[in-house]
């Protein structure tokens with residue numbers, strides 16, 4: 001966020017999502033890999049464009065969405081029309097904890113300590129992360145929301161791996177070009193910015209434990225800008 005940007009009220013921002021149409025529009029924009037135009041968002045949730053525009057701009061005012069202006073198609077110059085307003089998720093996180101909790105501070109202190117010791121500390125962290133990944137897989141089998149009915153032919157309609165990744169905040173998307181499941185969100189983003197040598201190996205080990213338990217994919221490094229430091233590659237049967 002720019003230094004001269006107004007401070008956001010996190011409680012008001014979260015409260016803005018209580019309105020059902022506004023929340024549906026927010027979820028649609030967040031799920032899109034590209035910025036979304038007003039008419040596209042309106043059609044996706046089944047409301048009129050003026051109503052969608054009202055709610056989208058309220059989400060911008062709350063700090064939940066950002067705006068960019070783009071022309072559609074390749075036309076430029078006179079006659080190309082005015083750039084249209086498009087919406088994308090705000091880069092800055094919004095968190096609310098009542099009473100206040102400072103888990104990010106604790107994580108920062110732990111990362112600082114691990115960075116100062118020899119490799120045994122990082123090895124122990126990777127081991128713990130791998131075990132937690134396996135535990136996430138076991139929990140996903142019993143505690144996930146009810147899965148959709150099977151499609152015709154008896155194939156399951158749900159993808160357990162993607163369900164667990166989504167529930168854990170990774171926002172997985174299939175990338176047909178690379179054949180990877182890329183992760184649009186890093187749940188450890190703030191930590192990874194300052195302590196990449198600690199956070200990224202931990203994250204990769206977590207995903208390794210998850211994929212070992214669920215099967216059908218392996219964790220691989222991913223240096224694609226704007227995505228998590230790891231991606232998942234489907235294996236035979238995945």
Checked the range 33-65 for anything under 22 Å from residue 172 (Cα atoms) and surrounded by fewer than 17 Cβ atoms within 10 Å (Cβ to Cβ); matches are 33, 34
Of the residues in the range 170-180, those that are part of a loop (DSSP other than H, G, I, E, B) and either surrounded by 12 or more Cβ atoms within 10 Å (Cβ to Cβ) or in contact with a helix residue (DSSP H, G or I) (Cβ under 9 Å, 6 or more places away or on another chain) (or both) come to 170, 171, 178
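Quick one: count up the residues across the range 105-114 that are surrounded by 13 or more Cβ atoms within 10 Å (Cβ to Cβ) and either within 28 Å of residue 14 (Cα to Cα) or in contact with a helix residue (DSSP H, G or I) (Cβ under 6 Å, 6 or more places away or on another chain) (or both). I'd like the intermediate steps shown before the answer.
Step one: of the range 105-114, the residues surrounded by 13 or more Cβ atoms within 10 Å (Cβ to Cβ) are 107-108, 110-111, 114.
With the extra rule that they be either within 28 Å of residue 14 (Cα to Cα) or in contact with a helix residue (DSSP H, G or I) (Cβ under 6 Å, 6 or more places away or on another chain) (or both), the set shrinks to 107-108, 111, 114.
Selection size over the range 105-114: 4.
Among the residues of the range 32-71, count how many are under 28 Å from residue 98 (Cβ atoms) and part of a helix (DSSP H, G or I). Steps first, answer last, please.
Keep residues of the range 32-71 that are under 28 Å from residue 98 (Cβ atoms), which gives 55-66.
With the extra rule that they be part of a helix (DSSP H, G or I), the set shrinks to 55-61.
So the answer is 7.
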Cross-chain or 6+ apart pairs with Cβ under 9 Å, the range 187-208 first and touching a residue at least 60 places away in the same chain (Cβ under 8 Å) and outside the structural domain of residue 130 (by TED's automatic domain parsing), then assigned to a helix (DSSP H, G or I) and surrounded by fewer than 20 Cβ atoms within 10 Å (Cβ to Cβ): none
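The values are calculated or read from the model by the stated rules, or taken from the named source; none is laboratory data. Keep in mind it's a predicted model, so treat the numbers as computed, not measured. Here Cβ is always computed from backbone atoms with ideal geometry, including for glycine, and neighbour counts include all displayed protein chains.
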